[in-house]
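Where a number appears in this text, it was derived from the coordinates with a stated rule and is not lab data. What you are looking at is a predicted structure, and each value in this text was computed from that prediction instead of being measured. Using ideal geometry, Cβ is built from the backbone for each residue, glycine included, and neighbour counts are taken over all protein chains shown.
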Amino acid sequence: MNIEKIIYEKNDLLKKLLKFGPVFWGAKAFVLERYKNDHITKVSYLYAIDLIRSIYSNKKKVVMVNIFTPTEIFYALDLYPLLPEVASGFLGAMGLIRRPLQGSEEVVSAADVCSVHRGIIGLAKLDIFPNPDYLVSYTKPCHSPLYSFNIISRLEGGEFFVLDSYDKVDFLAKNLEELFYYMAKKLNIKDANNRLKRTIHLSNEAYKYFEEVKELRKDHTVIDGKDFLDFAAMIFSSFGSKHGVLFFKTLRDEIKKRIKEGKELNSKIRLYWMHLGPYFKTDFFLWMREKGAYIVFEESTSISWEILDEKNPFESIAKKMLDLKAFSTLEERFKLGVENVNKYKANGIIIFNQWGCRQGSVPSYLLRRKFMEEGIPTIVIDGDLIDETNFPKEQIKTRLEAFFEVIA
């Protein structure tokens with residue numbers, strides 16, 4: 001079966017099929033059987049199935065959001081938030097992003113735009129996404145969604161909202177409140193306040209498991225951090241949902257189980273990984289494992305915030321958005337990096353320098369210099385999240401070999 005042809009050439013038929021319940025019952029049955037012993041993957045795939053069913057059913061409005069836009073407010077409105085960045089990464093992992101990247105060239109004039117967002121634009125041009133009713137983008141940490149979402153809105157319609165804080169909690173809280181009640185009115189949600197309280201409760205419950213996962217990883221390495229790079233989709237999209245609670249509880253339980261069974265990884269070289277990592281199929285991480293090099297913690301898992309206040313939802317969500325240290329300023333990322341190197345006993349740092357990522361790539365070499373001055377061995381590797389043609393694997397392996405010899 002040619003999956004690429006079905007997705008990109010038969011997408012009208014595919015969209016019709018996605019409106020029928022039996023398709024999803026079959027998909028869930030397959031996942032339950034295929035991943036019956038891999039509970040973490042099973043939970044995340046079941047979430048993905050529910051998400052796809054919701055956004056393609058035509059029974060509910062569709063809202064597109066970028067990463068770090070708070071998902072709690074959308075679950076409270078009975079919407080599954082669609083994160084196009086995650087979709088772009090997922091199709092990259094499946095080896096199905098080449099055609100959207102090529103298609104985006106007719107729309108995007110600058111070749112150095114982030115590949116993830118070029119992929120998003122290409123997917124929109126190929127009419128893969130359902131037409132959005134709303135698009136919501138937060139201005140931090142990434143500015144590219146303002147560009148790609150604006151193009152999607154022009155191609156497919158939808159009201160486009162931009163959330164900005166100007167580094168002021170009260171300003172952002174008011175922005176969030178106005179958006180929430182505007183959408184609640186448009187969607188005819190009668191009990192919006194109670195729904196928001198419930199989603200905040202679910203978010204807090206998931207967050208407690210998330211924090212417990214981080215604590216367990218301080219003294220134990222039983223899951224390679226490469227898997228946590230893949231968990232970023234759940235970290236960015238599931239807080240405020242029952243799926244988020246189940247996922248992070250399952251992850252916590254699995255780590256505890258492996259610790260009890262003594263399944264510690266032989267991490268001779270312990271690494272802290274900054275930014276995200278390549279999602280396309282590659283033997284790169286397997287090669288690292290063969291060298292005894294494991295990621296013991298990641299910048300993308302470092303996001304943290306205070307427990308949300310059900311009585312002051314918009315202010316506490318605004319604080320959550322402003323409290324992000326990961327993917328933030330150079331100084332914040334440096335302080336967090338030093339803290340995590342010490343906390344998770346890392347021997348060195350790998351900074352992944354995503355081609356086209358302005359806020360990520362610009363400070364990479366400045367960060368390396370600061371870490372080196374602090375006495376922390378650090379290397380920057382240039383590559384791409386979804387475009388394997390921009391990932392010089394063998395050259396990177398050669399450089400890392402020398403790096404590993406220094407820190408082993």
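Can you list which of the trypsin sites (Lys or Arg not before Pro) found in the range 14-48 are DSSP loop residues with at most 10 other C-beta atoms within 10 Å? Mind showing how you got there, number by number?
On the way: sites: K15, K16, K19, K28, R34, K36, K42; in loops: K19, K36.
Here the sparse-neighbourhood loop sites are K36.
First check a/c for the range 129-187, with a ≥ b ≥ c the square roots of the eigenvalues of its C-alpha gyration tensor; if it is under 1.5, answer rounded, and if not, answer prolate when a/b is larger than b/c or oblate otherwise. Oblate. With the convex hull drawn over the C-alpha atoms of the chain, the volume per residue is 140 Å³.
For the range 130-152 versus the range 37-73, the inter-centroid distance based on Cα atoms is 17 Å.
Farthest toward the positive end of the dipole of the chain, out of I223, I379, H275, is the Cα of I223, where the dipole comes from beta carbon charges about the Cα centre. In terms of the mean number of neighbouring beta-carbon atoms within 10 Å, the peptides 71-84, 177-190 order highest first as 71-84, 177-190. Annotation for the range 356-408: GluC sites (Glu not before Pro) lying in DSSP loop with at most 13 further Cβ atoms inside 10 Å of their Cβ are E374. Protection proxy ranking of 310-322, 213-225, by the mean of other Cβ atoms within 10 Å over each peptide's residues and highest first, is 310-322, 213-225.
With an 8 Å cut-off on Cα pairs and a minimum separation of 6 or more residues, tell me the relative contact order of the range 331-394 in percent.
Values: 64 pairs, mean separation 21.3, N = 64.
For the range 331-394, the relative contact order is 33 percent.
Put a plus charge on the Cβ of each Lys and Arg, a minus charge on the Cβ of each Asp and Glu, and nothing anywhere else: the dipole of the range 267-372 about its Cα centre is then about 520 debye. Using alpha carbons only, how many degrees (0 to 90, rounded to 10) separate the axis of helix 364-373 from the longest principal axis of the chain? Approximately 40 degrees, to the nearest ten. Quick one: angle between helix 192-219 and the longest Cα principal axis of the chain, in degrees between 0 and 90, rounded to 10, please. Relative to the chain, helix 192-219 is tipped by roughly 10 degrees. The long axis of helix 84-93 is offset from the longest Cα principal axis of the chain by roughly 50 degrees.
Working from Cα pairs under 8 Å separated by at least six residues, relative contact order for the range 132-212 is 23 percent.
Compared with the direct C-alpha span, the chain from K291 to N188 gains 31.4 nm at full extension, assuming 0.36 nm per residue. Computed over the alpha-carbon pairs of the range 195-407, the distance histogram in 10 Å steps reads 8, 33, 36, 20, 4, 0 percent, short to long.
Here the sum of -39500 (n - 2.57) over DSSP H runs of 4 or more residues, divided by the residues of the chain, equals -17000 deg cm²/dmol at 222 nm, to the nearest 500. Just to confirm my numbers, what's the Cα centroid distance between the range 200-219 and the range 330-350 in Å? Each part reduced to its Cα centre gives a spacing of 20 Å.
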